[in-house]
Each structure stands twice: as structure tokens, then as C-alpha cells.
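Below is one structure, written out as C-alpha cells; the observations come after it.
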Amino acid sequence: MDKSLISDIKCIINEIEGFDYISKVKYVILLVCNELYNLNNEYPMNSTTIFKEYAKFDLEDIKTEKRIAKLVEENADNIEISSFYPASLYEALLTDKEKKSLGQVYTPFEIINNMLHEVFKVKSIDENTKILDPSCGGGYFLVEIYKYIRCTHAEIHKRHIIENMLFGIDIDDFSIFLSKMGLIFHSGLYDIKFNIYNYDFLIDNLNMGKFDIIIGNPPYVGHKNSTGNYKKLLYEKYSDVYYDKADISYCFFRKGKDLLKLKGIISFITSRYFMEALYADKLRSFLKENYKIVTLIDYNGDTAFKRAMISPAVIILSNTWNKNMFTYVKKDRDIFEAYYYKQDKLKDSGWIVLKDEDEKLFEKIDSISNTYIKDICSIKQGIITGCDKAFIVTEEVIEKYKIESFLLRKWIKNSNISKKSIKYNNLYLIYSDIIQNENDCPNAISYLSIYKDKLMSRRECKKGFRKWYELQWGRIKSDYENPKIIFPYKSKQNNFYYDEQAYFCSADIYLMNQLSKGLSLNYLLSYLNSEIFEFYLKCQLKKVGRNNYEYYPYKLNNLKVYLPQKNFAECFSNIENISIELFMKKLFNVSEKEVNIIKNYL
């Protein structure tokens, strides 16, 4: 549908009174589909079973029904019914706010068709093939699979494809309606016996047999967005892949295994973070031990969905793939690069898939490096206030409210740090954890009282673990007051800085302290900020966004540095950065070809 028609539909929706916006959108889509259904001369006027089945979405607004009927009739010549996707109209009518609240992200057609191309390249089909989308959403996968089979297997009747080959499941009943209507419009059939059901794929007991192909876009639902009872069910049912802060999408791989035929194929597009996430180790182990990986397409930090910040990966898994290598496709800026990788080289601690020459260089650096980072320091997260608006103040606010000076600490965030300096923005933290009695700091308490309702609603305050005016996680004060190495949690490059100014840091900054006795600080800083160490780190770090990496402690702690003899390290007291680069290049025997490899990571 063109933008002007969608705009007209939005106007009609906004004039419906007495219902929430999402209910109004569903109602209007029901009306639009009904009108288009009856516009097609091939559809008998009395064949409206599907609309009776979904009457729950009918708001029975006669005025709106007449306006939609007139609008569709006037624009009938501009609507290609045989290629109409009701789900696309649903997407167009929902605002970003509603999409976020529903948690629904539809897969772009380009990705769906690329996935189908890859799957059908390794899996042949015939009229007996059974294909399942376990989270079918608006039916995009089902419709595109239908179109693909019709295009490549003209001998298979379109009714047979829908009624015997295609299966869909979704927890949302309106998604089921969208899926069915999409297949109706694209097939031109009206009296279809669908195999598309309103179930919870992970919890409900399904008697649908096993499948040759399971394909789709499982929901990415983190632990914070799941109810306690639901998580408990998943913990019990999928304990071999799901625990603690794992993502619900992991369970789809496990359930898919049970429903896959011996020679079956699974293809999911999911968040790429399962390759490296701390709580995905069980999933990685399960995939490696129970499937043969055919293809892994890694978007490497780039997004592929509108208004969704998640970077995806497409993985194709087989029960019986006869090769011990899989194809790894990595997106680097706008180019996809493919190479082979041995599945048995994947580690449960994290799937880091490198080209041979990159991997050899990493392993050389790793083998020569002699000391784990966790053995020379402690790495800790910055402070979580629970309400920055209350606790982070400017000099103007301090002056206006006469906030007691002994409570104030210089405050920095991720973006303030570089390897050579701190760009301080004159912000201060009210370090209220040192207030013994409210009467001792009347001005600070008076100012914080502006936000008292918000502060009291914090989880730790409601549970009685914190006083209302205290920081949510104030950490240990001396960790910030004493000299320390600080670095951003997310960064494009290594930015390790030695702070002697007692900056207090937000949670998007980590600090290194409790450094080993006798360790040359200048040497360590030069080493951490070197190009060779940056390459070494980035081979292992999780990429988020096109250029950013996550400098998580659990990753850093298990990587190594090279510490020379004490008397040699002391020579680095005033070393220039270029000198450390020359020293490390010689230490690790880095060739000119390897220098170019390193440059590609910087």
C-alpha cells in the first residue's frame, strides 16, 4: 500500500474512541482484510469463516466499517491483492512505542530470501516435505516459502503446499490471523485448512510430528523481560541450554532438535550474541555436540532490522551434514567475506571464528604472552546510582541548593575517557552513601527529596537494602579515591587511562586496581594501549554496532599480557608509545604481512 493510503487509514484509527491504539489497529486491519477478501472475484461472498474465527478483534464500530469500506473501494485499483502482506500494514500502522511494547520485530524480506536460498541449497524438497516456522509472527517466512516452492516446484499444487507442507506456531493470536491472511491473498485460495496454531512452542505439548525444515526468527527475550514462573518452567524444561540470564531464543534450538527429522535442517536468524555471551555457554556446547553446523552468517555488530539495535546471525544446522567444516560468512562494513572453519575448533567459552592467518597471529601472541590479566589486577564495574538525574549534578545546581561539598565527587562517563586524557565535563556525584544521618546534610537531602518518589521505587530501597537517599550500588569508595586504571565498557579502540585525580565513574566504565606489587605501571599502560594488544583483544571481544566492542571483565581476565623481567620493565618508566610498538613487534616476531592484519582491526 502506498503512503497516502496508509496515512488515511491512520486518520481513521485515531478517530475511533474508547479503545487503546493497538486494539484499534488490529480492528482496522481486520476490516481492510475483509474488504480486500471480498473484492477479489474468486472469493465467494459467504466464505468468511476466518473473520468469524477472529471476531474477538472486531470493535463493532459501524462508522469505521463504512469509512474503511469506502477507502478500500476507492483505492482498489492501486492495491495488488495477490501480493498484499497484512503484516506489512500492521508494521506501518504501529508506532515505535507500540512495537517496543509488543516486542515484535519482523525479518526483512532480503534476509528471509537469503536464508531460503541457503537452506534449499543444501536441502532438497518434494511434496512430502514438512516445514515449520515456530514463531511465525506476521507470516513472512511462510508466505515466502510458499512463493519459493511455487516458483521452483510448479508441479506441486498450491493447496497441497499450504495444507500439507507449511506449519506455523505463534504465541500471539493476531499474528496467526496475519499469517493466514497473507497466505490467502498470495495463493488466491479461500477455503484453506491451515496448519498454523496459536500455541507456545516452548511450553505446549504439540502433536505435529517431526519436520524436514525448521526455519524462522525466534523471539529474543532476555531474563529481565520474562516472568519468574515462566523462567522457572524453562529452567526445568531446557536446563541443558537455559539458565540464569540466558535468552529464551536458546530454548528454540533445543526444542527444534526434538522436532527435527533425522535428515532435517534448522535455520534461525537470532541475536549474534549467543556466540560470545557469558550465559550462552550451555547453548554453544549443545549446538556443537548435537548438530553439524552448515553455515554461520555473522553480521558482526551491524544491525539488519529497522529500529532494532540487535546485531543478528543466521545459523543453519543439520543432523547429518557430512563435512567437518562449516562456511562462516562475516560482514565487514558492507562486504560479506566467506571462509571455512572447523567445528571442533569452536570453544564453549565463546565462538571466535578467525581466518587462518588471523588465528595464527593471535595464537602466536597468546603463546608468548606469559601472564593472565586476572593474575595482576582486579577489574570492577563503576557506580550505579539508580537515578542519575538525582545524584549527578552541575556546578550551577550545587551553588543553587548549597549542596554540602564533602559529599561531592568528580563524575565521568564512558565518553569522557581516551588513552591520553580525561575530558571532564564539570559534573559531580553526590556520594550520599557517606551520610550517617539525614540531619547532617540538610541541603543535599532537601535537593534529593525532589526525586524521593523515584528513589524509593528502586528495587533495593523497596526491599529495605538501601536508604532512600543512598546510591543503588555505591561500590567501595576507596576504589575511586585511589589511583587506578580506567577504561570504557564500550569503545572503538583500546582506551586505558591511569587516573590519579580520584574520578568517580559510572557503570559504563570499568576500573583496574589492586595491581601486582612491583608491576611497572608505565609499561602496563603502554602495553594495554598498543596496536598489537588491541588486535589481540579484538580477536576475542564481542562486537556491538559497526565499530564498537564490549570490554567485558570476564573476557579481559582470561586473556594474557607479556611481562618482562623486573629490571627490564623498569626501563619503560618514560617510554614513548612508538617504542612499545617496536618492542612488541620484535617480541612477537610480527612480519610486515602480519602488521597489515593488525591494521585491519584498528
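Of the trypsin sites (Lys or Arg not before Pro) found in the range 303-352, the ones in coil according to DSSP and having at most 14 other Cβ atoms within 10 Å of their Cβ are Lys306, Arg307, Lys323, Arg333. Which one, Tyr510, Ile125, His157, projects farthest toward the positive side of the charge dipole computed for the chain from Cβ point charges (K/R +1, D/E -1)? Value: Tyr510.
Note on Lys400: lysines with a C-alpha under 21 Å away, same-chain residues under 8 apart excluded, are Lys389, Lys410, Lys452.
Across the chain, the longest run free of exposed loop sites, meaning GluC sites (Glu not before Pro) lying outside DSSP classes H, G, I, E and B with no more than 15 other Cβ atoms within 10 Å, spans 156-499. The modelled label-to-label distance between Asn229 and Glu17, using points 7 Å beyond Cα along the C-beta direction, is 3.8 nm. Translational diffusion coefficient of the range 355-481 (Stokes-Einstein, Kirkwood radius from Cα pairs, 37 °C, 0.692 mPa s): 189 µm²/s.
Quick one: which of Lys517/Lys543; Lys147/Lys342; Lys147/Lys355; Lys484/Lys538; Lys374/Lys586; Lys245/Lys517 span more than 30 angstrom between C-alpha atoms? Before the final figure, lay out the partial values.
Values: Lys517/Lys543 33 Å; Lys147/Lys342 35 Å; Lys147/Lys355 37 Å; Lys484/Lys538 23 Å; Lys374/Lys586 25 Å; Lys245/Lys517 36 Å.
Beyond 30 Å: Lys517/Lys543; Lys147/Lys342; Lys147/Lys355; Lys245/Lys517.
Backbone geometry of the range 454-461 corresponds, through the Karplus equation with coefficients 6.51, -1.76 and 1.60 at θ = phi - 60°, to 3J(HN,Hα) couplings of 5, 5, 6, 7, 5, 3, 5, 6 Hz, x marking Gly and Pro.
Placing a label point 7 Å from the Cα of Lys97 along the Cα-to-Cβ line, the residues of the range 1-29 whose backbone N sits under 18 Å from it are 10-26. Simple point charges give the picture: +1 on the Cβ of Lys and Arg, -1 on the Cβ of Asp and Glu, and for the range 127-255 a dipole about the Cα centre of about 80 debye. A simple rule links phi to the HN-Hα coupling: the Karplus curve 6.51 cos²θ - 1.76 cosθ + 1.60 with θ = phi - 60°, which for the range 468-479 gives 4, 8, 7, 5, 5, 9, x, 6, 9, 4, 5, 4 Hz, with x for Gly and Pro. Above 17 Å, the calculated P(r) of the range 178-285 contains 61 percent of its Cα-Cα pairs. Derived scalar couplings between HN and Hα for the range 194-209 equal 7, 10, 10, 10, 8, 10, 9, 4, 7, 10, 5, 7, 10, 10, 10, x Hz in order, rounded to whole Hz, by the Karplus curve 6.51 cos²θ - 1.76 cosθ + 1.60 (θ = phi - 60°), x for Gly and Pro. Rounded to the nearest 0.05, the FRET efficiency derived from the C-beta distance between Thr303 and Phe120 at R0 = 35 Å is 0.85. Each residue in Phe194, Phe465 was given a count of other beta-carbon atoms within 10 angstrom of its own, and listing them fewest first yields Phe465, Phe194.
Give the residue list of trypsin sites (Lys or Arg not before Pro) in the range 135-210 that are DSSP loop and have at most 16 other beta-carbon atoms within 10 angstrom.
Details: sites: Lys147, Arg150, Lys158, Arg159, Lys180, Lys193, Lys210; in loops: Lys193, Lys210.
Passing both the DSSP loop test and the Cβ count: Lys193, Lys210.
Using the count of nearby Cβ atoms within 10 Å as a rough guide to exposure, how do Tyr220, Tyr197 rank from fewest to most?
Details: Tyr220 18, Tyr197 15.
With the sparsest Cβ surroundings first, the list reads Tyr197, Tyr220.
Run the numbers for Asn78 and Ser378: contour at 0.36 nm per residue of separation, minus the present Cα-Cα distance, in nm. Walk me through the intermediate numbers first.
Values: separation 300, 0.36 × 300 = 108.00 nm, distance 6.52 nm.
Net length gain for the segment: 101.5 nm.
Note on the chain: with charges restricted to the Cβ of Lys and Arg (+1) and Asp and Glu (-1), its dipole about the Cα centre is near 1620 debye. Taking a ≥ b ≥ c as the square roots of the Cα gyration tensor eigenvalues, the range 472-524 comes out oblate, since a/c reaches at least 1.5 and a/b does not exceed b/c. Measuring r between the beta carbons of Phe109 and Asn370 and using R0 = 56 Å, the FRET efficiency lands at 0.60. Classified by the C-alpha gyration tensor, the range 41-190 has a prolate form. Its axis ratio a/c, with a ≥ b ≥ c, is 1.5 or above, and a/b is larger than b/c. Dipole size of the range 398-483 about its Cα centre, with +1 on Lys/Arg Cβ and -1 on Asp/Glu Cβ: approximately 520 debye, rounded to the nearest 20. Remark on Ile384: its backbone amide H falls under 5 Å from those of Trp473, a criterion applied only to residues 5 or more positions apart or on other chains, H modelled at 1.01 Å from N. Only Cα pairs under 8 Å and 6+ residues apart enter the sum, and on that basis the relative contact order of the chain stands at 10 percent.
Residues within the reach of a label modelled at Ser449 (point 7 angstrom out along Cα to beta-carbon, backbone nitrogen below 20 Å), restricted to the range 465-505, are 467-471. Taking the convex hull of the alpha carbon positions in the range 235-360 and averaging its projected area over all directions gives 8.3 nm². Determine the shape class of the chain: with a ≥ b ≥ c the square roots of the Cα gyration tensor eigenvalues, call it rounded for a/c under 1.5, and otherwise prolate if a/b is greater than b/c, oblate otherwise. The shape class here is oblate.
Between Glu60 and Glu438, the simple spin-label model (points 7 angstrom out along Cα→Cβ) gives 5.4 nm.
Values in this text are rule-based calculations from the coordinates and carry no lab data. Everything quoted here is computed from the prediction, not taken from an experiment. Reconstructed Cβ throughout: ideal geometry from the backbone, glycine too, with neighbour counts over all protein chains shown.
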